[in-house]
1. Among the residues of the range 223-243 satisfying the criterion of being over 19 Å from MET104 (Cβ atoms) and among the small types (Gly, Ala, Ser), which is surrounded by the most Cβ atoms within 10 Å (Cβ to Cβ)?
2. Under 6 Å between Cβ atoms, which residue pairs at least 6 apart in sequence (or on different chains) link something in the range 241-258 that is more than 16 Å from GLN128 (Cα to Cα) with a partner that is of a type in the set (Phe, Trp, Tyr) and surrounded by fewer than 21 Cβ atoms within 10 Å (Cβ to Cβ)?
3. Considering every residue within the range 36-50, establish whether at least one is among the acidic types (Asp, Glu) and more than 27 Å from ILE103 (Cα to Cα).
4. Taking the range 130-179, which residues are polar (S, T, N, Q) and in contact with a Lys or Arg (Cβ under 8 Å, 6 or more places away or on another chain)?
5. Which one of ALA145, ALA201, ALA207 is out of contact with any His (no Cβ under 6 Å at 6 or more places or on another chain), buried (at least 17 other Cβ atoms within 10 Å of the Cβ) and either part of a loop (DSSP other than H, G, I, E, B) or modelled with pLDDT under 95 (or both)?
6. Checking GLY28 against (1) surrounded by 11 or more Cβ atoms within 10 Å (Cβ to Cβ); (2) over 17 Å from the mean Cα position of the chain (by Cα), which test does it fail?
7. Would you please list the contacts, defined by Cβ atoms under 9 Å and residues six or more apart or on different chains, that run from a residue in the range 168-193 that is within 18 Å of GLY89 (Cβ to Cβ) to a residue that is of a type in the set (Lys, Arg) and at pLDDT 85 or above?
Amino acid sequence: MDQIVNVNEFQELAKRALPKMYYDFYSGGAEDQHTLKENVEAFRRIMFRPRVLVDVSKIDMSTRILGYPISAPIMIAPTANHMLAHPEGETATAKAAAACNTIMIVSYMASCTIEEVASSCNAVRFLQIYVYKRRDVTAQMVKRAEKAGFKAIVLTVDVPKLGRREADIKNKMISPQLKNFEGLFETEVRPSEGSGVEAFASRAFDASLNWKDIEWLRSITKLPILVKGILTREDALKAVEAGVEGLVVSNHGARQLDYTPATITVLEEVNLSKLA
């Protein structure tokens, strides 16, 4: 492929370059992958209503997120284990974010440490977190993010149990030891524990997480809190009542609960301007 001309072609190159286990980890969804397909198809059903004879000689797509200016309403979502695809991992992604003048949400499950990402460039960074059964581990990560200059905490709320990702099960995908947790928490999975990523999540994630825990998170940080994983008006209202600074409408890239709606189709339902 001599020249990349659209985003889809990056996926084709990734399929050629990556080991099958890693490509499937990045590209796959949960169970039948119905929602994964629907995430794409729903966008294809949206049509533009073009208006003509409008001066477009100067186009400004810039906006602000939590007061931070970005060049366009496009941010980098939190995704795990970038070193499976590139030796520089999340530091390379952060440099790309800085070059594009946008915000990177760094995954809790990043290959690089919070501090490595922070020192790599001057991009505005948010930290995405899960809440572990060991709350001290989560608390330490939040404090480190504050110290490293991260600007917000993005709490993922749609993983009481890890979605059943059949490709990872078949490939026996292994959860590597992550540098952020060295000395705090073992992320490698022993063979006796079963399927790698699934076994790690079962051991680590706190399935009892609920709306009251927003208060706990608020008690350990002064950073703005966004809630990621909202798909309904009812939960959007609960998030507002909990006093969070923002919502991320998300079905986890279709990697959690299959047969949920495509994210783009529920945006209007959870639009904060209509929640009064």
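The values are calculated or read from the model by the stated rules, or taken from the named source; none is laboratory data. No experiment lies behind these values; they were computed from the predicted model shown. Cβ: placed from backbone, ideal geometry, glycine included. Neighbour counts: every protein chain shown.
1. ALA239
2. From the range 241-258, the pairs are ALA242/TRP211.
3. There is no residue in the range 36-50 that is among the acidic types (Asp, Glu) and more than 27 Å from ILE103 (Cα to Cα).
4. The answer is THR156, ASN171.
5. It is ALA201.
6. Evaluating GLY28 over (1) surrounded by 11 or more Cβ atoms within 10 Å (Cβ to Cβ); (2) over 17 Å from the mean Cα position of the chain (by Cα) leaves (2) as the failure.
7. If the second residue must be of a type in the set (Lys, Arg) and at pLDDT 85 or above, the pairs left are MET173/ARG165; ASN180/ARG144.
Condition check ((1) over 21 Å from PRO78 (Cβ atoms); (2) part of a strand (DSSP E or B); (3) in contact with a strand residue (DSSP E or B) (Cβ under 9 Å, 6 or more places away or on another chain)) across all residues:
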site	(1), (2), (3)
SER219	yes, no, no
LEU223	no, no, yes
ALA239	no, no, yes
GLY243	yes, no, yes
